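In what follows, a single structure is set out as structure tokens and then discussed.
The values are calculated or read from the model by the stated rules, or taken from the named source; none is laboratory data. The model shown is predicted, which means the values in this text are computed figures rather than measured ones. Note that we place each Cβ from the backbone using ideal geometry, even for glycine, and neighbour counts take in every protein chain shown.
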Amino acid sequence: MWKGLCLVNSIVYGGMVTQVQLRLSQKTLEEIDRWVAEGRFKNRSDAIRTIVNFYEEREKTREFYKMLTTRSEEAKKHPEALSFLQRIYSDLHRTSASKSC
């Protein structure tokens, strides 16, 4: 029986699921319970898992923003290294026009 559950967890959650103990303030737990009661989440575990996933996505977004900021500064220093959209569009248009003939 457990083997089947592990397979389901592996498929649903993208890997083996590990149970952890977590300490939360009473206020936080009441908030999570309210969200569950409102139907926002299936249960406490679903709420906490979703919150952690949102945090992971936020961190990825921050890293992406930092990369864009760095690239933007590099582009200001060396604009000649940029590929301008108009030139790319023209090249694509020329290529597709020559293929259709």
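Put simply, of R34, R40 the only residue that is of a type in the set (K, R) and in contact with a helix residue (DSSP H, G or I) (Cβ under 9 Å, 6 or more places away or on another chain) is R40.
To keep it simple, each residue is scored yes or no on (1) of a type in the set (A, V, I, L, M, F, W, C); (2) in contact with a Pro (Cβ under 6 Å, 6 or more places away or on another chain); (3) modelled with pLDDT under 70.
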| position | (1), (2), (3) |
| --- | --- |
| L7 | yes, no, yes |
| L22 | yes, no, no |
| K27 | no, no, no |
| N53 | no, no, no |
| T61 | no, no, no |
| F64 | yes, no, no |
| L68 | yes, no, no |
| E73 | no, no, no |
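With respect to E38, is the statement that it is over 21 Å from V17 (Cβ atoms), surrounded by 10 or more Cβ atoms within 10 Å (Cβ to Cβ) and among the charged types (D, E, K, R) true? Spelling it out, it is not the case that E38 is over 21 Å from V17 (Cβ atoms), surrounded by 10 or more Cβ atoms within 10 Å (Cβ to Cβ) and among the charged types (D, E, K, R).
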